[in-house]
Amino acid sequence: MKTIHDAIVFIKAEGNLLDEEIILHFDHLNLKFKDFLAKLELEDERTKTAFHLIVQSAFEGKSLTHEEKLEIEEQLKDLLKTADLVALTVLPGGTVVLVLATFLKLNRFIIPSVFLKQN
């Protein structure tokens, strides 16, 4: 079974029928997970681009434009936010901090920009 849809087909074949609401919920989770993976890939591309610019500047003597410097700055902020997020999930009570941060609308300081909802 590679996907949630395959699991649902398998369960139906065994004779255990699922309610339509549960199937819709699984489909929604599947879409959310695919969106998460796409955002991870985008974050990876941005990080590679930023570090490529840093290497060019440090070792090849390329002078960076103002826009490139801003791009590197934003990506380094996102990397630090990611490290903070990992630390919060590992530490005892980190979940409480994440819930409080969401309640106090501090997500922009904790979550990398790729994962923030665009309004």
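The values are calculated or read from the model by the stated rules, or taken from the named source; none is laboratory data. The model shown is predicted, which means the values in this text are computed figures rather than measured ones. Positions of Cβ are backbone-derived with ideal geometry, glycine not excepted, and every protein chain shown enters the neighbour counts.
Numbers for the structure displayed
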{"quantity": "Inter-residue pairs, beta-carbon under 7 Å, first surrounded by 10 or more Cβ atoms within 10 Å (Cβ to Cβ) and in the stretch 14-41, second modelled with pLDDT of 80 or more, 6+ apart", "calculated": "K39/V114; K39/F115"}
{"quantity": "Among (1) part of a helix (DSSP H, G or I); (2) surrounded by 14 or more Cβ atoms within 10 Å (Cβ to Cβ); (3) not basic (K, R), the one test that L64 misses", "calculated": "(1)"}
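A quick yes/no check of all residues on (1) assigned to a helix (DSSP H, G or I); (2) farther than 30 Å from H5 by Cα; (3) aliphatic (A, V, I, L, M):
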| position | (1), (2), (3) |
| --- | --- |
| E41 | yes, no, no |
| T47 | yes, yes, no |
| V55 | yes, yes, yes |
| L70 | yes, yes, yes |
| E73 | yes, yes, no |
| A83 | yes, yes, yes |
| A87 | yes, yes, yes |
| A101 | yes, yes, yes |
